[in-house]
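The values are calculated or read from the model by the stated rules, or taken from the named source; none is laboratory data. Worth saying up front: this structure is predicted, and the values here are computed from it rather than measured. Glycine also receives a Cβ, built like all others from the backbone with ideal geometry; neighbour counts cover every protein chain displayed.
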Amino acid sequence: MTATPEAIKITNLAAQTAADKQGEQLVAIDVTSVNPLNDVYLWVSAKNERLVSAIADEIEYKLQEVGVEARRREGKTTSRWIMLDFGDLAVHVMHEEERMYYTHERLFGSCPTIQLDITE
């Protein structure tokens, strides 16, 4: 099984939104083979807590505009790592220090990456 076209579409919207807000090191992984709850994980790095929060807020807003509501949001209090669960897509916006420390992508090394369609 692979990520649905709808999951890839909202992943690209979230990724473009993050890039527009100075999100860095964007990586999307198709996790359908290991996670029954989500199709895609998207990781985004940010240089500071304010930027982590701003990126997460904007992703949530942009996805709401197209009718995709966050089911759950965690980490807003400290804004070092905010996780947004949209069902098919889970977005992890992380302070660059947390991202380097946890290196979650390595846990999903057997999962295929998704080519992101981001314009500058």
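I'd like the full set of residues that are part of a strand (DSSP E or B) and either small (Gly, Ala, Ser) or more than 15 Å from the chain's Cα centre (by Cα) (or both), limited to segment 29-52.
Ser45, Ala46
Anything in segment 63-80 that is over 18 Å from Leu37 (Cα atoms) and part of a loop (DSSP other than H, G, I, E, B)? List them, or say none.
Listed by number, the residues that qualify are Val66, Gly67, Gly75, Lys76, Thr77, Thr78, Ser79, Arg80.
Considering only residues of segment 1-28 that are β-branched (Val, Ile, Thr) and either under 17 Å from Val66 (Cα atoms) or crowded, with 21+ Cβ neighbours inside 10 Å (or both), which is nearest to the chain's Cα centre (by Cα)?
Here the answer is Thr11.
Quick one: is Leu107 assigned to a helix (DSSP H, G or I) and farther than 19 Å from Lys47 by Cβ?
It is true that Leu107 is assigned to a helix (DSSP H, G or I) and farther than 19 Å from Lys47 by Cβ.
Among the acidic types (Asp, Glu) and modelled with pLDDT under 95: which single residue out of Glu49, Glu69, Glu98, Glu24 fits that description?
The unique qualifying residue is Glu98.
Would you please name the residue that is surrounded by the most Cβ atoms within 10 Å (Cβ to Cβ), looking only at residues in segment 104-120 that are among the β-branched types (Val, Ile, Thr) and within 14 Å of the chain's Cα centre (by Cα)?
Ile114
Looking at (1) without any contact (Cβ under 8 Å) to a residue 40 or more places away in the chain; (2) exposed (fewer than 15 other Cβ atoms within 10 Å of the Cβ); (3) at positive phi, find the lone condition where Arg71 falls short.
Failing condition for Arg71: (3).
Quick check: is even one residue across segment 56-65 among the small types (Gly, Ala, Ser), touching a helix residue (DSSP H, G or I) at 6+ places or on another chain (Cβ under 6 Å) and within 13 Å of Val91 (Cα to Cα)?
For segment 56-65, residues among the small types (Gly, Ala, Ser), touching a helix residue (DSSP H, G or I) at 6+ places or on another chain (Cβ under 6 Å) and within 13 Å of Val91 (Cα to Cα): absent.
Among the residues of segment 29-41 satisfying the criterion of being surrounded by fewer than 14 Cβ atoms within 10 Å (Cβ to Cβ) and among the aliphatic types (A, V, I, L, M), which is farthest from Gln64 (Cα to Cα)?
The qualifying residue farthest from Gln64 (Cα to Cα) is Val34.
Each row is one residue, and each column tells you yes or no for (1) outside any loop (DSSP other than H, G, I, E, B); (2) within 19 Å of Pro5 (Cα to Cα).
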| position | (1), (2) |
| --- | --- |
| Thr17 | yes, yes |
| Gln22 | no, no |
| Ala54 | yes, no |
| Tyr61 | yes, no |
| Ile82 | yes, no |
| Glu97 | yes, no |
| Tyr101 | yes, no |
| Gln115 | no, yes |
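Scan Ser53, Ser45 and give me the residue that is among the polar types (S, T, N, Q) and either surrounded by fewer than 17 Cβ atoms within 10 Å (Cβ to Cβ) or more than 18 Å from Ile114 (Cβ to Cβ) (or both).
One residue alone meets the criteria, Ser53.
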